[in-house]
Amino acid sequence: AKTLSEKLKDCDYRVKLDTKSKPSSCAEAINSAKYAIVILSPAFFQDEHAMGVLERLICRQLNRGERFILPLWHEVDERQVFKCWPQMCDIFGLKTSIGVPAIVREFRNKIIHGTQMCSRVCQV
């Protein structure tokens, strides 16, 4: 997460790396964000705070009718994601195994050009 954050900052994106922020700070970040990169991992699904943030992100996306969640899948597969958050299976995402440069390139294409990200990882 830190490496990706630094690479995105190098591309002149404002990045907030959430490491257990206070609820008020988190709500402000969610409301003002243009995009939310969420790294879904086994540890993420075990973390109550992270799951709460994801719930708020999904609510925002559904309420505003906009696709602003950009998921990354790290050491998880379709079944694990579907079991924890079936809503995430409708969102195109990237696997971290493609590497940080490719992830940054795909996100930049999505953000700058509004293109669909290259892979739909959930085929459940």
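The values are calculated or read from the model by the stated rules, or taken from the named source; none is laboratory data. All values derive from a computational prediction rather than experimental measurement. Reconstructed Cβ throughout: ideal geometry from the backbone, glycine too, with neighbour counts over all protein chains shown. With ligands, DNA and RNA removed, areas are computed over all heavy atoms of the protein, side chains included. Shrake-Rupley method; radii C 1.70, N 1.55, O 1.52, S 1.80 Å.
Comparison of V53, V76 shows that the only residue that is open to solvent by less than 60 Å² (accessible area, probe 1.4 Å) and part of a loop (DSSP other than H, G, I, E, B) is V76. Among the residues examined, L70 qualifies as at pLDDT 80 or above, open to solvent by less than 60 Å² (accessible area, probe 1.4 Å) and not in a helix (DSSP H, G or I).
Considering only region 56-66, state which residues are closer than 20 Å to K110 by Cα and either surrounded by fewer than 15 Cβ atoms within 10 Å (Cβ to Cβ) or under 11 Å from the mean Cα position of the chain (by Cα) (or both). Break it down into steps so the answer makes sense when it comes.
Step one: filter region 56-66 for residues closer than 20 Å to K110 by Cα, giving 57-58, 60-62, 64-66.
Those that are closer than 20 Å to K110 by Cα and either surrounded by fewer than 15 Cβ atoms within 10 Å (Cβ to Cβ) or under 11 Å from the mean Cα position of the chain (by Cα) (or both): L57, I58, L62, R64, G65, E66.
Considering region 1-44, the residues that are of a type in the set (D, E, K, R), surrounded by 13 or more Cβ atoms within 10 Å (Cβ to Cβ) and in contact with a helix residue (DSSP H, G or I) (Cβ under 6 Å, 6 or more places away or on another chain) include one that is modelled with the highest pLDDT, namely K7.
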